[in-house]
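As structure tokens, the structure follows; a few thoughts come after it.
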């Protein structure tokens, strides 16, 4: 059943690729296929010409034979030159087609990933499919069309050679083809075994690649020296490397044994056929030209059947990745987010969760359990709790990133789903705990918060000034166009606190009425933390503000504090009310009191 399904998936991906190619490159495709088919006939034509040339050599002294021989040799040369030209044109056209198709596929993949519900990325199986989809394009997924065209061309070449041989004697093509069959089957088996065994090494190879990358990462190299872990990592890499190498050697040995059996049968068959041909020359059944043509035919058949076997093996591997690619691109799940940039909501008056529970994919544990919150316009809410209490998950739901929830999420009294959430997201901004540090110009790092204003120098500089960075930026060689990374010429590096200010400027340029801070100071020291707290308070004045933290210093800026534990809201109220309750909040506050005095 699974094999049949794989065949169906492979056929579907082939048809989808071909449809994309035809849609984007109809004329180029026709020319490419025609050239491929013409080139496939060249070996047979050359074979016939060589046979005639050899037969004419014995009559070289005769004027007529000499002229015909010269003509044939010139014709062979012209054909070879034309073949080279056609191959060059064919390869050039293929690269043009490939670039067009790759662009189309990347565009479709990126578009689909941007509307995919984010909770899917918490599912390791789904994330593997995403990675394989990306690798399908990197591995030249369109090559499956090329391989099939090549296989078709090779079959035409084989058939044309067989026709030539049959003219000489009907038994010759039968004998030659049968002699090639064991080698062909052996190559197919070897490729299949190599492919299946390689799949088993994917995880180890991925880990080897990751550890290797650590030796080229500046921050990793710092920790290697500080913690003296280089020997441990090298040993770990060495162990995995030897495991992969030894496994691949075992696979190679198995493939080699099977290939040896196949190639030996071909060589034995070649010797036997050659002896048979020599005997036929001896008894004058065939000419010397026939003999040369037949030897050439064996080489063509051997080469073409080997190419077919190799291309079939490559098709197996590409089929796996291409299936993942189209699984993503053609995903029409109802849970996909519908982006609506035309009908944006001007005002968000309230956010409300009603009895909301949430579990990550492939997990039975509730990260949120029956949570109900209502946040009115202009309120400043602090959500606190220890790590793992569900705070960040709650924020992702409020932002509309996680939509597969049990319960109801309403904005302005309207129930949210993927078809309308994007209308409201335009009125929200967020500073995430793990905000992205783009190795791009300062302009981009700030302007990404409002892409329509990315070329508005005055606005970007204004936001940098508001967060207290503009004086430092003015000292940089390219001002706001300085790249934030020493990896680039004239690039610069920023401290953790400066990066935090860049993230704040990025969120503020959007000028949204709802501002969410998710653990904005988790990586800062107390002095920098206080500075950022005051800055956040200033820039979010008169806005609906939601602050997430396991540190309680942020709560002094809040109108209401919500305390979470193990996915539930266990307390809420003002600072004074919660301190009187003598509950979880008071215990957390007193535990951290010395830190904040």
Selected residue (criterion: modelled with the lowest pLDDT) from residues of the range 551-566 that are under 14 Å from residue 389 (Cβ atoms) and touching a helix residue (DSSP H, G or I) at 6+ places or on another chain (Cβ under 8 Å):
551
Residues of the range 576-588 being more than 15 Å from residue 387 (Cα to Cα) and either in a helix (DSSP H, G or I) or modelled with pLDDT under 85 (or both), in sequence order, are 576, 577, 578, 579, 580, 581, 582, 586, 587
All-but-one check, residue 139 against (1) buried (at least 19 other Cβ atoms within 10 Å of the Cβ); (2) modelled with pLDDT under 70, failing number (1)
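Test of understanding: among 427, 443, which residue is modelled with pLDDT of 90 or more and either in contact with a strand residue (DSSP E or B) (Cβ under 6 Å, 6 or more places away or on another chain) or under 26 Å from residue 543 (Cα atoms) (or both)?
The conditions single out 443.
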Can you tell me which residues in the range 353-365 are buried (at least 17 other Cβ atoms within 10 Å of the Cβ) and either modelled with pLDDT of 90 or more or not assigned by TED's automatic domain parsing to the domain that holds residue 412 (or both)?
353, 356, 358
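What is the residue count in the range 570-584 for residues that are closer than 18 Å to residue 371 by Cα and touching a strand residue (DSSP E or B) at 6+ places or on another chain (Cβ under 6 Å)? Spell out the reasoning first.
If we filter the range 570-584 for residues that are closer than 18 Å to residue 371 by Cα, which is where we start, we get 570-573, 584.
This time we only want the ones that are touching a strand residue (DSSP E or B) at 6+ places or on another chain (Cβ under 6 Å), so: 570-572, 584.
Going through the range 570-584 one residue at a time, the tally reaches 4.
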Inspect the range 231-252 for any residue being at pLDDT below 75, buried (at least 19 other Cβ atoms within 10 Å of the Cβ) and part of a helix (DSSP H, G or I) and give the result as yes or no.
no
Taking the condition of being assigned to a loop (DSSP other than H, G, I, E, B), in contact with a helix residue (DSSP H, G or I) (Cβ under 9 Å, 6 or more places away or on another chain) and more than 18 Å from residue 118 (Cα to Cα), how many residues in the range 347-371 meet it?
1
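Conditions (1) surrounded by 14 or more Cβ atoms within 10 Å (Cβ to Cβ); (2) modelled with pLDDT of 75 or more; (3) assigned by TED's automatic domain parsing to the domain that holds residue 57, marked per residue:
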site: 266; (1), (2), (3): yes, no, no
site: 269; (1), (2), (3): yes, no, no
site: 277; (1), (2), (3): yes, no, no
site: 291; (1), (2), (3): yes, yes, yes
site: 296; (1), (2), (3): yes, yes, yes
site: 304; (1), (2), (3): yes, yes, yes
site: 307; (1), (2), (3): yes, yes, yes
site: 312; (1), (2), (3): yes, yes, yes
site: 316; (1), (2), (3): yes, no, yes
Positions within the range 422-448 being more than 25 Å from the chain's Cα centre (by Cα) and in a helix (DSSP H, G or I), in sequence order
422, 423, 424, 425, 442, 443, 446, 447
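Which one of these is touching a residue at least 60 places away in the same chain (Cβ under 8 Å) and in a helix (DSSP H, G or I): 92, 104, 66, 110? Break it down into steps so the answer makes sense when it comes.
Numbers: 92 fails: touching a residue at least 60 places away in the same chain (Cβ under 8 Å); 66 fails: touching a residue at least 60 places away in the same chain (Cβ under 8 Å); 110 fails: touching a residue at least 60 places away in the same chain (Cβ under 8 Å).
Going through 92, 104, 66, 110 in turn, the sole match is 104.
Residue by residue, here is whether (1) modelled with pLDDT of 80 or more; (2) surrounded by fewer than 19 Cβ atoms within 10 Å (Cβ to Cβ); (3) in contact with a strand residue (DSSP E or B) (Cβ under 8 Å, 6 or more places away or on another chain); (4) under 30 Å from residue 103 (Cβ atoms) holds:
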site: 11; (1), (2), (3), (4): no, yes, no, yes
site: 17; (1), (2), (3), (4): no, no, no, yes
site: 23; (1), (2), (3), (4): no, yes, no, yes
site: 30; (1), (2), (3), (4): yes, yes, no, yes
site: 36; (1), (2), (3), (4): yes, no, no, yes
site: 42; (1), (2), (3), (4): yes, yes, no, no
site: 52; (1), (2), (3), (4): yes, yes, no, no
site: 55; (1), (2), (3), (4): no, yes, no, no
State which residue is farthest from residue 446 (Cα to Cα) when the search covers only the range 460-485 and only residues that are surrounded by fewer than 17 Cβ atoms within 10 Å (Cβ to Cβ) and either in contact (Cβ under 8 Å) with a residue 60 or more places away in the chain or in contact with a strand residue (DSSP E or B) (Cβ under 9 Å, 6 or more places away or on another chain) (or both).
478
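The values are calculated or read from the model by the stated rules, or taken from the named source; none is laboratory data. Everything numeric in this text was worked out from a predicted model, so none of it was measured. A quick note on method: Cβ atoms are made from the backbone with ideal geometry, for glycine too, and the neighbour counts reach across all protein chains shown.
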